[in-house]
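The values are calculated or read from the model by the stated rules, or taken from the named source; none is laboratory data. Just so we're clear, the structure is a prediction, and the values are computed from it rather than from any experiment. Glycine also receives a Cβ, built like all others from the backbone with ideal geometry; neighbour counts cover every protein chain displayed.
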């Protein structure tokens, strides 16, 4: 797998992007921390109030009572201190012999601290988090953090700020760094009132150690999940690259080999057997090269056919010229000269026919299409042929049923029809009839040209439309039949999305059938009057 | 050798047919012209010509079919093909259908006349015919070439060659070990030299090799000398 460029890299990026949400969640666990701290503070205040309430209703307000009170209170891991109105410490839960929280728990915490924060994975996460913090320093913070006071009350030298506030009858709170620790110590103080007078204060202080521990564990877990996810993303990317990128690169290599002529056409693509989109692509490429190969072969065949077709008139011309030069008899010379001229004519016809055939496909695509009424067009072509060549053999046009228009270029359709008719005229006996029938079948307009000529052997029914194919039993090749007329007609009809076919006719002769797609629904019979012969 | 020889010309190109007949008549032969294969075959069934000149693409019965039928009547009748498609001839290989020679269109009339003469002479050979130096039998180890009969044998096995192929091989085998250029070979095989390309010589050589290899798969005496031409190597005994 190459991550240097392309799809593999993008896949990896997308996969990793998916991890941004949990990652952001880890980095912004502060909100969660804030919530934990608030609830911790609330429970501390609650505890202070309870102690305060107990003290205010106690028999006496002195150190012994306070001491007894603290001893009675289930302490948790908060430190509770009771001050009198002068701010003198009366009792301290740390100094009374009250029972410690369960030993196991107490011992676990420090151990957990070390193990969680010392983990390599955690340190990696912390390193990233520091990066985040460094970044954060550049952006002014909106969310106010709890102010941290650095004033000490550890030694108990004097009452802490919150106590002072509480003695004045207010709620006092402070946050300070626990010396030598990352955790903070929160302190909350509430006044103790007896008979409506403030007689002292209860100070509850607790380290955020527990909160931080919980936070560390959550962070570590999330970070582990993220690391695992990144590994999974890398693995998935590698797999995706293996199934997508590698075959694509192989396809590219195979295609390049063809383009650079290192491989032979038609190309064979290894992935063509796959059933997925890569397989589709490979098959499409394979089909493309097959088509290309076909076109090249067609061009080669065309060149070969053309050179072959040119050789006959050339051989004739050469033979006639040789004989003309060798003959002393003026009559012979005249005869060979006239043959020579005829062959030159033939060669010229051949050249223009070949040119026509070679260009017809591209020309058909460039010529403007129009709506044509085939019946009117057939009638015009037949009239023209009658004027030009007489009506022998006789041509009869019959239009059956509804008519429809076709989209084509009139002059091209005339050319196709002329070629088919010329073919029929060339094989039909002079006193016979050529029947031209036009009808509509479904969405197709069908034009049939039926002659009473010799017909076509079944083996040649397809081949008559091949270029240079000329099947004319009993006639010499020397006539003007280069075998291009029907080939040109087929190119035109196919160019308009139609088909042309030949079959033998009952009672002798051949039928040429041209099918062209109807432009719209067939015209109703009534609408067929007063129509312009060519255009609709 | 007296009496006019009948040469059948089966060709649907009127000009070529007439010109060939005209040329044959000038050479003192009696041409018999046909413009389709079937008519020719119907005539041949009654009486065979001395030489048949056939086009390949013919109406009703093509030249190859006609040739095959002619061979059922006579194994020795000289048959010359005139074709505009060399590759077509390559495919059917004149040998399988038993042609003696072929010319590609457009061809020179004199060339055709020369072929007719060679083939007639071979056909009219009597065992006692006097042989000139030119006609002396050439023997190179396993190869025996008889210029009079235009026959070739390889280690006793007859190898059927067309006239052109025979002339090419003869030119090479007369000077074993000496390289002949394509031009020299053309000169030998096509005395009238018309529209013969180097490629033509190459495909003739290829065909000769193939024919000999049919007789003996180890035959490799015809050697290509790149850039120069060909040479006939004396094969090791």
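Of note:
- Looking only at residues of segment A:250-285 that are outside any helix (DSSP H, G or I) and closer than 21 Å to residue A:8 by Cα, we find that the one that is farthest from the chain's Cα centre (by Cα) is A:274.
- Which listed residue, of A:306, A:387, A:344, A:381, is in contact with a helix residue (DSSP H, G or I) (Cβ under 9 Å, 6 or more places away or on another chain) and more than 14 Å from chain B (Cβ to nearest Cβ): A:381
- Selection from segment A:19-58 of residues that are under 18 Å from residue A:224 (Cα atoms) and loosely packed, with under 13 Cβ neighbours inside 10 Å: A:20, A:21, A:24, A:28
- If you filter segment B:72-85 down to residues that are buried (at least 17 other Cβ atoms within 10 Å of the Cβ) and farther than 13 Å from residue B:101 by Cβ, you find that the one that is modelled with the highest pLDDT is B:84.
- Some residue of segment A:315-323 being surrounded by 15 or more Cβ atoms within 10 Å (Cβ to Cβ), in contact (Cβ under 8 Å) with a residue 40 or more places away in the chain and over 29 Å from residue A:11 (Cβ atoms): yes
- Within the option set B:88, B:111, B:65, B:96, being modelled with pLDDT under 90, within 9 Å of another protein chain (Cβ to nearest Cβ) and either farther than 28 Å from residue A:337 by Cβ or outside any loop (DSSP other than H, G, I, E, B) (or both) holds for one residue only, B:88.
- Test result for residue A:354, in contact with a helix residue (DSSP H, G or I) (Cβ under 7 Å, 6 or more places away or on another chain), more than 12 Å from every other protein chain (Cβ to nearest Cβ) and at pLDDT 85 or above: yes
- Candidates A:209, A:171 - the one that is surrounded by fewer than 16 Cβ atoms within 10 Å (Cβ to Cβ) and touching a residue at least 40 places away in the same chain (Cβ under 8 Å): A:171
- Exclusive hit being surrounded by 15 or more Cβ atoms within 10 Å (Cβ to Cβ), more than 17 Å from residue B:19 (Cβ to Cβ) and more than 14 Å from chain B (Cβ to nearest Cβ), set A:285, A:292: A:285
- All of (1) more than 12 Å from chain A (Cβ to nearest Cβ); (2) in a helix (DSSP H, G or I) hold for residue B:80 with one exception: (2).
- Checking the stated criteria, residue A:120 turns out to be modelled with pLDDT under 80, under 21 Å from residue A:214 (Cα atoms) and under 60 Å from the mean Cα position of the chain (by Cα).
- Where helices (runs of 4 or more DSSP H) sit wholly within segment A:1-105, those with at least 3 residues that are modelled with pLDDT under 80 and over 23 Å from residue A:165 (Cα atoms) occupy A:7-17, A:20-27, A:30-57.
- Residue B:47 farther than 28 Å from residue A:341 by Cβ and either in contact with a strand residue (DSSP E or B) (Cβ under 8 Å, 6 or more places away or on another chain) or surrounded by fewer than 16 Cβ atoms within 10 Å (Cβ to Cβ) (or both): yes
- Residue tally, condition surrounded by fewer than 22 Cβ atoms within 10 Å (Cβ to Cβ) and in contact with a strand residue (DSSP E or B) (Cβ under 9 Å, 6 or more places away or on another chain), over segment A:382-403: 12
- Enumeration of residues in segment A:59-68 that are touching a strand residue (DSSP E or B) at 6+ places or on another chain (Cβ under 7 Å) and surrounded by 17 or more Cβ atoms within 10 Å (Cβ to Cβ): A:61, A:66, A:67
- Within segment B:13-32, the set of residues being without any contact (Cβ under 8 Å) to a residue 40 or more places away in the chain and either out of contact with any strand residue (DSSP E or B) (no Cβ under 9 Å at 6 or more places or on another chain) or away from every other protein chain (no Cβ under 11 Å) (or both) comprises B:14, B:15, B:26, B:28, B:30, B:31, B:32.
Each row is one residue, and each column tells you yes or no for (1) free of Cβ contacts under 8 Å to residues at least 12 places away in the same chain; (2) within 55 Å of the chain's Cα centre (by Cα); (3) not in a loop (DSSP other than H, G, I, E, B).
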position: A:349; (1), (2), (3): no, yes, yes
position: A:354; (1), (2), (3): no, yes, yes
position: A:361; (1), (2), (3): no, yes, yes
position: A:364; (1), (2), (3): no, yes, yes
position: A:368; (1), (2), (3): no, yes, no
position: A:379; (1), (2), (3): no, yes, yes
position: A:387; (1), (2), (3): yes, no, yes
position: A:392; (1), (2), (3): no, no, no
position: A:397; (1), (2), (3): no, no, yes
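- Filter result (outside any helix (DSSP H, G or I) and facing another protein chain (nearest Cβ under 10 Å)) within segment B:33-60: B:35, B:36, B:55, B:57, B:58, B:59, B:60
- Checking every residue in segment A:227-249 against the condition of being free of Cβ contacts under 8 Å to residues at least 40 places away in the same chain, assigned to a helix (DSSP H, G or I) and crowded, with 17+ Cβ neighbours inside 10 Å gives at least one match.
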